[in-house]
1. Distances from residue B:221 to the same position in the other copies: list them in nm, one decimal, shortest first, using label points 7 Å from Cα along Cα→Cβ.
2. Just name one of A:38, A:13, A:54: the one whose Cα is farthest towards the positive end of the charge dipole of the range A:9-56 (beta-carbon charges, Lys/Arg +1, Asp/Glu -1).
3. Considering only the label points, 7 Å along Cα→Cβ from Cα, what distances in nm to one decimal separate residue B:144 from the same position in each other copy, shortest first?
4. In which sequence would A:275, B:40, B:274 go, from the one with the fewest C-beta neighbours within 10 Å to the one with the most?
5. Once amide H atoms are built 1.01 Å from N in the peptide plane, which residues 5 or more positions from residue B:276, or in another chain, come under 5 Å H to H?
6. Quick one: 3J(HN,Hα) in Hz for the range B:232-248, Karplus 6.51/-1.76/1.60 with θ = phi - 60°, rounded, Gly and Pro as x.
7. Note the distances from residue A:15 to each other copy's matching label point, with points 7 Å along the Cα-to-beta-carbon direction, in nm, sorted shortest first.
8. Give me a comma-separated list of calculated 3J(HN,Hα) values for the range B:178-184, in order, Karplus coefficients 6.51, -1.76, 1.60 applied at θ = phi - 60°, integers in Hz, x for any Gly or Pro.
2 protein chains.
Amino acid sequence: MMQKSPISPQDITIYDVAREAGVSYSTVSRVINNKGVSADKRERVLRAMAELGYVANLQARSLAGGKSHIIGLLVHSLSIEYFDEIARGVDDELAAISYDLMLYTTHRRKGRESAYVAKVTRNLVDGLLLVLPRNAEAYLQALGHRRFPHVLVDHQGLGFDVPSVGATNQQGGYDGTSYLITLGHRRIGFITGDLTLGCARDRLAGYHEALSDAGLPADPALICEGNFLQPQAFSCANELLNLAEPPTAIFASNDVSAFGVMEAVRNRGLRIPDDISILGFDDISQAAQVHPSLTTVRQPLAEMGRAAARLLFTYINQPDAAIKQIVLPTELIIRQSCQPPAKSTLA
Amino acid sequence: MMQKSPISPQDITIYDVAREAGVSYSTVSRVINNKGVSADKRERVLRAMAELGYVANLQARSLAGGKSHIIGLLVHSLSIEYFDEIARGVDDELAAISYDLMLYTTHRRKGRESAYVAKVTRNLVDGLLLVLPRNAEAYLQALGHRRFPHVLVDHQGLGFDVPSVGATNQQGGYDGTSYLITLGHRRIGFITGDLTLGCARDRLAGYHEALSDAGLPADPALICEGNFLQPQAFSCANELLNLAEPPTAIFASNDVSAFGVMEAVRNRGLRIPDDISILGFDDISQAAQVHPSLTTVRQPLAEMGRAAARLLFTYINQPDAAIKQIVLPTELIIRQSCQPPAKSTLA
DNA sequence: TTGAAAGCGCTAACAT
DNA sequence: ATGTTAGCGCTTTCAA
């Protein structure tokens with residue numbers, strides 16, 4: 001691990017490489033940027049870079065070339081596994097083209113999103129990935145107007161076109177509900193997500209659609225408004241369970257909510273899935289780890305992250321590329337938390 | 001929201017500001033960097049900056065001044081709430097001095113840490129925060145030797161001195177165990193964390209110490225090696241519960257593990273805390289949200305993040321500052337998952 | 001294909 | 001206190 005050179009690697013510039021390789025520093029720059037250079041010179045430069053341990057100075061590249069090779073990732077919170085999966089996908093794409101990731105966390109603090117967006121877009125990053133943005137209207141117009149490369153992840157329902165990557169949330173809601181119907185359930189409780197978010201509304205719409213397609217009545221009492229968090233789902237589940245005619249299955253709009261339902265159900269001494277079936281959404285890793293394991297509608301989060309990163313690069317390299325909205329398919333993952341109802345409520 | 005100037009804000013440089021204010025651009029630079037400038041010129045510059053909407057170009061500052069105003073944060077994974085809390089603390093400090101955060105996620109991929117560290121320290125960031133690092137020996141020597149500012153969060157047990165911020169893990173293990181003893185428990189199961197990590201070993205040491213101080217025997221059968229993850233804790237709990245003389249309380253080395261224990265306990269139809277008490281470690285938000293709520297040893301994560309950021313800035317500004325190891329106190333948070341054992345096992 | 005020269009926006013000597 | 005002059009390390013003209 002000893003350095004061949006007496007000076008430390010961070011001080012190696014293209015000048016050093018050029019001297020070592022016996023070429024001009026512009027030739028070194030060309031090798032770095034894959035421009036036309038004769039085979040033997042390229043070879044020599046490459047060897048010199050390896051020997052000296054050359055590492056590009058991103059600041060200088062950025063200043064001279066106008067690109068920072070950094071993209072920004074804006075999220076509220078890191079704690080949800082959801083973000084981690086997306087970030088993993090983003091990371092993969094970034095690594096492939098050696099981009100770096102700048103993190104902006106709002107930690108749910110109001111107003112911080114806009115402030116970040118304003119600042120970030122004037123500096124430092126070549127593009128911005130906005131995951132599950134809130135109050136997006138405030139700055140989305142500005143981003144679009146200034147043609148600043150950006151992609152939203154998991155956001156629908158805006159009144160205007162914006163580059164985005166999402167999942168088939170409505171289809172997922174439809175598939176999950178249909179599955180429960182197929183098992184024989186007729187009274188299916190539904191706990192919504194945060195309805196200010198498009199994905200939550202879409203899942204609910206899928207639930208309604210499936211019910212309607214199966215000719216089942218839509219009982220408003222079976223729908224309880226949640227917020228994607230466990231405590232609220234716990235309350236919702238209790239509410240549903242207290243109904244004169246309680247549901248035989250509960251479909252929660254995300255896995256975390258499903259865990260809240262599981263708790264409420266167990267709290268009453270009911271068994272899963274014998275007494276009641278539970279269905280989640282997302283398929284976070286914990287879903288496979290709880291007992292019984294959670295049947296859920298899988299969202300391809302890492303793939304969404306990858307797609308978003310790729311789309312963002314498209315915009316970075318072609319600012320005038322058409323606005324595209326990518327929607328990735330959800331998938332029903334059948335595990336152990338659902339089964340046919342104990343006694344059919346069919347007539 | 002209209003721009004006063006016809007050109008967009010990101011194109012405004014100190015030259016524009018200087019022209020507008022009628023001063024030389026070095027004066028503008030001095031104002032930006034709080035160097036000595038006469039009151040009226042400073043005033044004019046400030047007004048010009050505001051009018052034009054000047055925003056500094058970080059790349060250029062970095063290239064010219066040698067500081068990027070960015071620090072790197074290296075973590076394995078984002079999904080654990082643990083990281084989010086720490087990041088929140090780091091964020092607070094960063095915001096105060098307008099530094100930015102670059103995120104490096106290894107996603108548990110082997111070797112990625114070293115690669116990042118090698119790359120990052122040669123570029124881009126002024127300092128590095130390493131959260132719960134693994135295989136740190138590989139690059140810590142290099143960081144220290146090159147006097148690259150860095151601080152480890154939550155890592156002990158290395159053979160040499162390294163700047164770090166941690167919590168009183170052993171004391172926490174001691175306090176938790178003592179609490180259970182005070183409640184009357186005599187057979188206390190313990191599920192360890194990943195024992196390659198210092199914090200996990202320290203918590204276990206605290207458990208042993210408390211047992212010993214109370215004159216209780218240390219039964220090796222009551223200790224099961226976990227890895228801070230739920231499935232492993234689930235197995236461990238089953239193992240402990242299968243003992244001829246099972247424990248009346250189980251102390252898990254983190255909250256996530258405690259949730260695994262809860263599942264295993266419930267799976268056997270046992271009640272918490274009536275039949276068995278459960279104690280966690282960390283106090284992630286879910287701990288207060290489960291039913292019954294989890295009694296746990298709180299780690300001041302956000303505060304740790306803040307302290308780490310502050311310490312890092314010390315090193316950035318004074319590379320020769322003494323190596324410091326900050327240890328923050330843990331705190332027992334009593335909730336509902338523990339109570340005296342049903343039938344005392346006392347003679 | 002290659003080298004020389006200019007300049008990205010800024011900070012930090014160096015003068016005055 | 002203020003202006004002038006050099007670069008920081010690189011990309012990108014422009015010639016050759």
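1. Once sorted, the set of distances for residue B:221 reads 5.3 nm.
2. A:38
3. 5.5
4. B:40, B:274, A:275
5. Result for residue B:276 returns B:271.
6. 5, 5, 4, 4, 4, 4, 4, 4, 5, 5, 7, 4, 4, 10, x, x, 9
7. 2.3
8. In residue order, the calculated couplings are 4, 4, 5, 5, 4, 5, x Hz.
All of the numbers you see were taken from the coordinates with simple rules; none came from a lab. Quick caveat, the model's predicted, so the values are computed rather than measured. Methodologically, a virtual Cβ is constructed for each residue, glycine included, from the backbone with ideal geometry; neighbour enumeration extends over all protein chains shown.
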